Amino acid sequence: MQITKAPSVRLATLACAVSLSTAALAETVTIGTVNNGDMIRMQALSSAFEEAHPDIDLEWVILEENVLRQRLTTDIAANSGQFDVMTIGMYETPIWGDNGWLEPMDNLPASYDVDDIFPSVRGGLSNDGTLYALPFYAESSMTYYRKDLFEDAGLDMPTEPTWDQMREFAVALHDPANEQYGICLRGKAGWGENMALVTTMVNAFGGSWFDMDWNAQLDGEAWHEAINFYVDILGNYGPPGASSNGFNENLALFNTGKCAMWIDATVAGSFVTDESQSQVADQVGFAAAPMQETSKGSGWLWAWALAIPVSSDAKDAAQEFVTWATSKEYSELVAQEYGIAAIPPGTRNSTYENQEYLDTAEFASMTLSQMQKADPNDQTLNDSPYTGVQFVAIPGFSGFGTVVGQQVSGALSGNVSVDQALRNANQVVNREMRRAGYQD
Amino acid sequence: MDMHRAKIVKNVSVTIAAWLIALLIFFPIFWMVLTSLKTELNAFSTPPSLFFVPTLENYLVVFERSDYLKFFWNSVVISFGSSILGMLIAVPGAYAMAFYPTERTKGLLLWMLSTKMLPPVGVLVPIYLLFRDTNLLDSKIGLIIIFTLINLPIIVWMVYTYFREVPKDILEAVRMDGAHVWGEIRHVLLPISLGGLSSTFLLSLILSWNEAFWSLNLTTSSAAPLTALIASYSSPEGLFWAKLSAASTLAVAPILIFGWISQKQLVRGLTFGAVK
């Protein structure tokens, strides 16, 4: 018995020693992210990073957006250190940075060329001038329209349309009998869903979420005009069931030729022009997100960024990865492997100085001008006390923004009048602001 | 003659109704499998296409991008582990409650069940902190413990109900023959209630296999089961419905097949009480 046992025990000890030594050699970086096309490419290309850094092992945790946000919040708040790199947005970054939850990104190598990143994107990912996350890809919003339908109807889309013009086009091109709808817009309730679009509309109509004393403005004239306009244009000239449509639903409608116009994230430019997923790939035109009273804040600003939580136990390795995945070299690698149009958009000036990119990606120049126009600190016609174009960068916003989103969605589906919806919304927001100590 | 005809009509209509309900319940799964065999472009076409050239590409992508076997193995370990542990605790507990009830037994049973009335998210933070402090985050043992605790009230209730069906006289007779408690349970009680016990085990297995809230919140990578694999294919910006369907099909397939094989036990066990 002893004799047969001994070698296996020795083997097991050896195996343990080997696995311990490799564990000591390689540091594991756990990355929490979402399943967007650009992130899928990052995961596929990360073997190049691992080859260049044999001492770093990458572990991917891919989750649904809201689950990811919830996981990251719990993880950070409980300081449990499950993640070394987190994919977060422009809403969370300044708040979490302010809470001291994220490592500041201040030791970046010169070769990283942080000044190449758009100032608006850097600003949106900073708190008090300190950068807390590096942008992986960023987006504003713009108008997508069907050049063929416009031509057939003898219409002309201006480069910078107004909402009034959008309505005229929508009326002219709405043909529900043939499943062709004048305009597709987000209707699904949520602070990052319908409220992203609705807030840019309110900005364009000259409104804002708060005045300088943090009093909610949702019952004011600009909100009434904007929401009445939204309910009219989407309810009468949009697809049926629009109040449950988000980005993906509208993308599917547009790609199957059901929408004459669509206003949404600039990142969709590469999807609607991609023949493998769009039936109208060669018929798509691009224009600015519509303005009305003002063009300030009429197009949003968002970034998917990579941040390192203070609870990480592999901070140096995590920073190696984060700087690699958001670098110019990474963009070159993507261009080599997937074609130049697949470069993560919206983050670096150098991308848009590349003539080949501008020539290949038809949507690039409109993306660039929208990105340059968006300013998270000067987004409303009248002065407002908050940062963020299509959101308010304060901790309670994700909660009351979603409640307001439900009211707007309810008004769209006709369950409640616009007046009633805005009165309810205004009350909720003021109550939350009083509770959070913003108002006396 | 008329009665005979009425009987036939009744049988036929019952059969049709049963088929309709079965098809209705099965439809989402059927649609998921169908979507998983489409191209992404086909998957979101309206009106939905019923006839198309099927492709296995989505399955290839899922296997290429994700370590399916790791997720699968985690699911197997966690759901079998928690079901076995649950049965080990529930059988003695239910035995005591069924054969030696006190005046508080009913209250105890109800109290156990009341833990199921709280929405799980209400205890997420305390459990998360406990797991952090005991190093159970992202471990299979941690999920086995949680799933056992979640399913225990149901398991105890079911086993208790089956044990109550067993005539006390039989056990008394065995005891007269000089059997000890353990011998009584092993040689008489367990064989008699095997159908009920195996269906309870199966139900616990299915519940653990499909549990998503805790497995998404308490795991990151090494202990993540198949529900986490499904979640990883949902996208905020991108149309990957066919791939999501392929991942979902791969996640439910093993338990579906297992359930199919053991459906006799399941149906027998679930209708045991009703038939009597």
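The values are calculated or read from the model by the stated rules, or taken from the named source; none is laboratory data. Remember, it's a predicted structure, so these values are computed and weren't measured experimentally. Using ideal geometry, Cβ is built from the backbone for each residue, glycine included, and neighbour counts are taken over all protein chains shown.
So the values come out like this:
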| item | result |
| --- | --- |
| Odd one out for B:E40 among (1) within 14 Å of chain A (Cβ to nearest Cβ); (2) in contact with a helix residue (DSSP H, G or I) (Cβ under 7 Å, 6 or more places away or on another chain); (3) of a type outside the set (S, T, Y); (4) within 28 Å of B:L203 (Cα to Cα) | (4) |
| Residue match in the range B:37-47 (condition: exposed (fewer than 15 other Cβ atoms within 10 Å of the Cβ) and among the aromatic types (F, W, Y)) | no |
| Wholly within the range B:187-237, helices (runs of 4 or more DSSP H) carrying at least 1 residues that are touching a residue at least 12 places away in the same chain (Cβ under 8 Å) and at the interface with chain A (Cβ under 9 Å from one of its Cβ atoms) | B:213-218, B:226-231 |
| Some residue of the range A:362-370 being over 26 Å from A:K296 (Cβ atoms) and at pLDDT below 95 | yes |
| Residue count, the range A:130-183 (criterion: surrounded by 23 or more Cβ atoms within 10 Å (Cβ to Cβ), more than 10 Å from A:M261 (Cα to Cα) and of a type in the set (G, A, S)) | 4 |
| Matching option when the condition is of a type in the set (S, T, N, Q) and touching a helix residue (DSSP H, G or I) at 6+ places or on another chain (Cβ under 8 Å), among B:S221, B:S234 | B:S234 |
| Candidate set from the range B:128-149 (those that are of a type in the set (A, V, I, L, M) and farther than 22 Å from B:L205 by Cα); member that is surrounded by the fewest Cβ atoms within 10 Å (Cβ to Cβ) | B:L130 |
| Strands (runs of 3 or more DSSP E) wholly inside the range A:39-155 containing at least 2 residues that are away from chain B (no Cβ under 14 Å) and at pLDDT 95 or above | A:134-139, A:141-146 |
| Only one of A:N250, A:N215, A:N245 that is touching a residue at least 24 places away in the same chain (Cβ under 8 Å) and more than 14 Å from every other protein chain (Cβ to nearest Cβ) | A:N215 |
| Matching option when the condition is under 30 Å from B:K38 (Cα atoms) and in a loop (DSSP other than H, G, I, E, B), among A:Q336, A:Q277 | A:Q277 |
| Criterion violated by A:P345 - all others in (1) in contact (Cβ under 8 Å) with a residue 40 or more places away in the chain; (2) not in a loop (DSSP other than H, G, I, E, B) satisfied | (2) |
| Residues being more than 28 Å from B:A242 (Cβ to Cβ) and within 14 Å of chain B (Cβ to nearest Cβ) - total across the range A:258-300 | 1 |
| Search result, residues across the range B:1-36 that are of a type in the set (S, T, Y) and surrounded by 13 or more Cβ atoms within 10 Å (Cβ to Cβ) | B:T35, B:S36 |
| The lone exception for B:I127 - which of (1) within 14 Å of chain A (Cβ to nearest Cβ); (2) free of Cβ contacts under 8 Å to residues at least 60 places away in the same chain; (3) touching a helix residue (DSSP H, G or I) at 6+ places or on another chain (Cβ under 9 Å) it fails | (2) |
| Residue list for the range A:391-440, filter: part of a loop (DSSP other than H, G, I, E, B), at pLDDT 95 or above and within 15 Å of A:Q217 (Cα to Cα) | A:F391, A:V392 |
| Qualifying residue in the range A:335-343 (condition: within 13 Å of another protein chain (Cβ to nearest Cβ) and at pLDDT below 95) | yes |
| Filter result (buried (at least 24 other Cβ atoms within 10 Å of the Cβ) and assigned to a strand (DSSP E or B)) within the range A:280-311 | A:W302, A:A303, A:W304, A:A305, A:L306, A:A307, A:P309 |
| Given (1) under 17 Å from A:T323 (Cα atoms); (2) touching a residue at least 40 places away in the same chain (Cβ under 8 Å), index of the condition A:V34 fails | (1) |
| Enumeration of residues in the range A:231-242 that are touching a helix residue (DSSP H, G or I) at 6+ places or on another chain (Cβ under 7 Å) and away from every other protein chain (no Cβ under 12 Å) | A:V231, A:I233, A:L234, A:G235, A:Y237, A:A242 |
| Looking only at the range B:238-265, and only at residues there that are under 18 Å from A:W60 (Cβ atoms) and touching a Gly at 6+ places or on another chain (Cβ under 9 Å), the one that is farthest from the other protein chains (Cβ to nearest Cβ) | B:F240 |
| One residue from B:T161, B:T148 being β-branched (V, I, T), assigned to a helix (DSSP H, G or I), farther than 28 Å from A:T73 by Cα and at pLDDT 90 or above | B:T161 |
| Filter pass, B:A224 being of a type outside the set (F, W, Y) and farther than 30 Å from B:N135 by Cβ | no |
